[in-house]
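The values are calculated or read from the model by the stated rules, or taken from the named source; none is laboratory data. The structure presented is a predicted model; accordingly, all values stated were derived computationally and were not measured. Don't worry about glycine lacking a Cβ; one is built from the backbone with ideal geometry, like all the others, and counts go over all protein chains shown.
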Amino acid sequence: MSEKGGRPLRPSDYAVLNALRFLGPMSYQEIKRLTNLPRGKLYDTLLRLRDSGLISFELRGRSKIYHLTEAGRVALEKGVIVSGFPQVERKLSTEELIKVLTPSDAAVIKALTEGPKSTQEIKEATGLKGLHVNLALQRLRSFGLVASERKGVMQYHSLTEEGKAIAESAVKAVEAKLEAERIVEGVLDRIVEAVRLGVSLGVIKRELKRYELELKERKNQETAKN
Amino acid sequence: MTVADLNKATGIPNHILYPTLLVLTSKGYAAREEGNLYRITPEGEAALRGLEEGERILREEVIPQLKRAIELGVSTDYIMQMIHQKVWRAIGRRIGRRAG
């Protein structure tokens, strides 16, 4: 197939697009179950289809719900990815981005705040395995937070303007989540003890919600004063 | 105590009190005597003490620690999700959520 006619769809593209066409919007787990594609391949396929504008997603809680776009419908009919179709990808807000970033994403962002780095340098700076660095870079590129450039045999990565803008808050948010996890781990034995004694976890939820609201109100009052 | 007395003392309506008493008697926490009188059993008293102790643990030892996580900007929902996962893993069943 010539470049002008578009790139032909791969079998995995057909599997994902058909699932979304006939069964409607669904999550990663549902697509995985229906298509039976291996995890790595499905992840690549979803990224490729999203970059081509054939599918898009929206966030529902912490999971992404994928759906077919108009370009995806056309691609399924023609069997090729037609270039020049308008990209319908929705930009994620900073809050949404921070929600979906993983600790390894945050570690890579933190390493890149010092300046552009090669994949190897990121590996050394973060202490992450090569596979995890590559997956994090792939994710960050798809969010438009990182740009990669090949120089000879090396690939250099740097933060985009958007990446720089959210770097600090993203790293802070992920570090806060990790610290929260450590706190929960620290009191887990006591929570389990209380649950064994018959107490509902709703007691914790009510107290924490109340405190969260209290903090928010206090913050609002302070900003109003300033 | 009769159901009417319980209703007066707790304010819980009768249509909720009856099934609750049924559960409590079947678990052995309450006993039904002649004249439709209900009384708490020693097992029921022990369970009540356990419940109070559990609530004390949460209020005095757990919640103050978790408030630190809220101060870091982590949401209650995220913390609760984490707690459910970890507690479920620790004791091997779902807590406070219906199956499915």
### Task
May I ask you to list the residues in region A:42-54 that are part of a helix (DSSP H, G or I) and farther than 13 Å from A:TYR14 by Cα?
A:TYR43, A:ASP44, A:LEU47, A:ARG50, A:ASP51
### Task
Would you check if there is a residue in region A:179-199 being of a type in the set (Gly, Ala, Ser), surrounded by 17 or more Cβ atoms within 10 Å (Cβ to Cβ), modelled with pLDDT of 85 or more and out of contact with any Asp or Glu (no Cβ under 8 Å at 6 or more places or on another chain)?
yes
### Message
When you check B:GLY11 against the structure, is it of a type in the set (Gly, Ala, Ser), at pLDDT below 90, exposed (fewer than 13 other Cβ atoms within 10 Å of the Cβ) and over 20 Å from A:VAL199 (Cα atoms), yes or no?
### Response
no
## Note on the structure
Scanning region B:57-88 for residues that are surrounded by 14 or more Cβ atoms within 10 Å (Cβ to Cβ) and basic (Lys, Arg), the one modelled with the lowest pLDDT turns out to be B:LYS86
### Query
Does A:VAL199 satisfy the condition of being of a type in the set (Val, Ile, Thr), within 30 Å of B:ILE57 (Cβ to Cβ) and outside any helix (DSSP H, G or I)?
yes
#### Entry: Cβ pairs under 8 Å, 6+ apart, first in region B:67-90 and closer than 16 Å to A:ARG182 by Cβ and at the interface with another protein chain (Cβ under 7 Å from one of its Cβ atoms), second part of a helix (DSSP H, G or I) and hydroxyl-bearing (Ser, Thr, Tyr)
B:LYS67/A:TYR211; B:ILE70/A:TYR211; B:ILE70/B:THR76
### Task
Can you give me the ranges of the helices (runs of 4 or more DSSP H) entirely in region A:55-120 with at least 3 residues that are at pLDDT 80 or above?
A:70-78, A:103-112
### Summary
Scanning region B:22-56 for residues that are within 12 Å of chain A (Cβ to nearest Cβ) and of a type in the set (Gly, Ala, Ser), the one surrounded by the fewest Cβ atoms within 10 Å (Cβ to Cβ) turns out to be B:ALA46
### Summary
Cβ pairs under 7 Å, 6+ apart or interchain, first in region A:175-199 and within 25 Å of A:SER104 (Cα to Cα) and at the interface with chain B (Cβ under 7 Å from one of its Cβ atoms), second outside any helix (DSSP H, G or I) and of a type in the set (Val, Ile, Thr), ordered by first then second residue, are A:ALA176/B:VAL74; A:LYS177/B:VAL74; A:ALA180/B:VAL74
### Task
Give just the number: which of (1) outside any helix (DSSP H, G or I); (2) in contact with a strand residue (DSSP E or B) (Cβ under 6 Å, 6 or more places away or on another chain); (3) not acidic (Asp, Glu) does A:GLY144 not satisfy?
(2)
#### Entry: Selection from region A:121-133 of residues that are surrounded by 16 or more Cβ atoms within 10 Å (Cβ to Cβ), under 21 Å from the mean Cα position of the chain (by Cα) and assigned to a helix (DSSP H, G or I)
A:ILE122, A:LYS123, A:THR126, A:HIS132, A:VAL133
